[in-house]
Every structure is written in structure tokens, then in C-alpha cells.
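J.: Before anything else, here's the structure in question.
The values are calculated or read from the model by the stated rules, or taken from the named source; none is laboratory data. Everything numeric in this text was worked out from a predicted model, so none of it was measured. So basically every Cβ, Gly included, is an ideal-geometry build from the backbone, and we count neighbours across all protein chains shown.
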């Protein structure tokens, strides 16, 4: 366990997290399971911060790059689904693919700790890789919404869920010194919204590469900002900028240059929200608990996506008449502003109840 200055928590916190991942167990059994899980993921002290640790970091980074790239570029498929492949299907029905994918990808992380307990961290990564590959490979042969929902939304996303969780845990184990609702709207509908300006589908799809580059750049700068401002201050500022950019740059303009400026500004800032969540968790919880707590965090993210994506599909169908994206832009901006307010509330809560906690 880290020193109490870094991770103050009540005795009930651990039992709450463990009981959610390992239900129907007594406190003693749960504590024993926690100890065994800790042993499953432990790393010899003499191997911390060694050369092999950087291999672990590189592999985890590659996992995140592939999974994030798949999610960030899904707007390309969404535009193709809406305007070509499933043109006669309601947007809310088409959005089931991405909705279920997000829900499974995030909430599926709750399974990770149990799977790690039985087969170990390395084998869990291998299982996640096999599931992800199988889901993507099967998706290339699908031509209906239900089949894509199963192949991509369930099989691929479950594998991605395991890889996300393992890729969060592994670097924190190997390094002792160095220790992702509104986003869905932009990732799914920004590319399609460019067709409002008369741009070609090819250009609209390629615009997502700018978004991905901006998100990646923002995440690279995350350590610099958190060092200067703190984790929560960085989250408050970047989520607020993301929301304001929707209202100031995306909503009022029909100009291509302003659209591109928006996606650069938005992309740079929105990535912090996903990148810094695990950092907060690492500050509060022991390493044996990180998998369970991340699973709970991603459960809420997945539940939000499962509700949000079909909802914005209905908004696009009913309010925008499948032509206007105004309601989606407003929804996106409000979502990020609300996230910023919640982060501010979290900061106030921590300062009041855990004044010694590193923010």
C-alpha cells in the first residue's frame, strides 16, 4: 500500500469495490481474493523502472492507439452507414452499433479483475487481443445492423474492454517513479456534419484524421499541464474549453476553416477527460484495486454511451429532420460544460474531506 498521505480512504471503500466485482462473498473472502489478485499482478521490486518496463509501456500505448483510433474513426463508418449502407434505417437504429460498442467497451472492464484473478494479466491481454481481432475480422463480412452490432458492438468491444483495463494497470505496476457523452457526438457526427457545407465524403472522412492528431497531441501534453496546474484543474479547464468551442466555433458557423479550427481546439482538449481519469484513480486506490475501480468508472461511461448515442440519433431524426446538426452541437457543448462543473464539484469535495490528497 502507498503511504496514507497519497491515498486516504475509509476501510469500507475496498470492501465496496471488491464486493461489486466479487459478489456474494463475505468480507474475509473478499479480502483474501484482493490479496490473491494483488499477487497475480505484482512485479518484483528489482524490475521496476527497468528496460523491460518500457516495453510494457510501449505495448500499452499501442493498445490505446489502436482502440482509440478505432473509436475516433468510427464517424467514417457512421457517415457511410447513414448515407449509403443503411440509408432507409432510422439514425437511432444505426446508432445501436456504436452505442453497444461503447457500452461493452467501457462496462466490460468490470470483468477484467475476475479474469485476471483466474488466468493472470498476460493471458487476459492475449484473450482481449483474440476477441478484438475476431470481432473486427467478422465485421468485415457483415451487411446488416444486427450482425454488425454483435461482431463489432459485442465481440470486438469486449476484447477492447479487457485490453483497456490491462493497459491501464500494467504501466502503473512496472513504473514506480513515473507513474476517454459529448465526445461521442463529435466522433460520430462531425464528419457527417461537414456534408452540410457541401464537402465530399472523402474530405469529411479525412477530417477525422485531423481530429485524431489533435487528440493525440493533447494527450502528449497532458503531463505538462498536470504538472503545472494539477490533474483536476486541468480537467476543469480542458472540459470547459471543449464545451465552449462547440458553442463558439461549431454551432454558429458554416465556414470550413472555422470547422477545422473547431476540431483542432476540441480535439486537443477533449482527450484529457479520458486520459486523466485513471490518474485520479491511481492517486486514491491501491494497485490491487485499480482494475475494479477502473471497471466501475468505465461502467458509467458505457452506460452513458448506451443512453446518449440512441438519444442523439433520435434528435437527428426528429429535431434535425436528418439534415440539421444544430441540436447535436448544443447537446455536445452542454455535456462538456456539465462535465467541467462536476469536476469542479469533485475538487471542492476532495479539498474539504481529504485536504492532504494530491490533486
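J.: Report whether or not residue 81 is within 23 Å of residue 320 (Cβ to Cβ) and part of a helix (DSSP H, G or I).
T.: Criteria met by residue 81.
J.: Is one or more of the residues making up segment 344-359 within 30 Å of residue 191 (Cβ to Cβ) and buried (at least 16 other Cβ atoms within 10 Å of the Cβ)?
T.: For segment 344-359, residues within 30 Å of residue 191 (Cβ to Cβ) and buried (at least 16 other Cβ atoms within 10 Å of the Cβ): absent.
J.: When residue 211 is evaluated against the numbered criteria (1) closer than 17 Å to residue 276 by Cα; (2) surrounded by 23 or more Cβ atoms within 10 Å (Cβ to Cβ); (3) at pLDDT 75 or above, which criterion, by number, is the only one it fails?
T.: Failed condition: (1).
J.: A further question follows. Of all residues in segment 307-349, how many are over 22 Å from residue 193 (Cα atoms) and touching a helix residue (DSSP H, G or I) at 6+ places or on another chain (Cβ under 6 Å)?
T.: The qualifying residues number 5.
J.: What's the total number of residues in segment 93-117 that are within 30 Å of residue 194 (Cβ to Cβ), modelled with pLDDT of 80 or more and part of a helix (DSSP H, G or I)?
T.: So the answer is 12.
J.: May I pose another question? Kindly indicate whether residue 183 is buried (at least 21 other Cβ atoms within 10 Å of the Cβ), modelled with pLDDT under 90, part of a helix (DSSP H, G or I) and in contact with a helix residue (DSSP H, G or I) (Cβ under 7 Å, 6 or more places away or on another chain).
T.: yes
J.: In addition: Run residue 120 past the list (1) on the phi > 0 side of the Ramachandran plot; (2) modelled with pLDDT under 75 and report the number of the one that doesn't hold.
T.: (2)
J.: Taking the stated definitions as given, is residue 356 modelled with pLDDT of 85 or more and closer than 24 Å to residue 227 by Cα?
T.: So residue 356 does not fit the description; no.
J.: On to the next question. So residue 30 passes all but one of these: (1) modelled with pLDDT under 50; (2) within 25 Å of the chain's Cα centre (by Cα); (3) buried (at least 17 other Cβ atoms within 10 Å of the Cβ). Which condition number does it fail?
T.: Condition (2) is where residue 30 drops out.
J.: Here are some residues: 302, 216, 271, 267. Which one is assigned to a helix (DSSP H, G or I), at pLDDT 85 or above and touching a helix residue (DSSP H, G or I) at 6+ places or on another chain (Cβ under 9 Å)?
T.: None of the other options fit; the residue is 267.
J.: Just to be sure before I move on: is residue 126 more than 20 Å from the chain's Cα centre (by Cα), over 18 Å from residue 298 (Cα atoms) and part of a helix (DSSP H, G or I) in the structure I sent?
T.: Yes: the conditions hold for residue 126.
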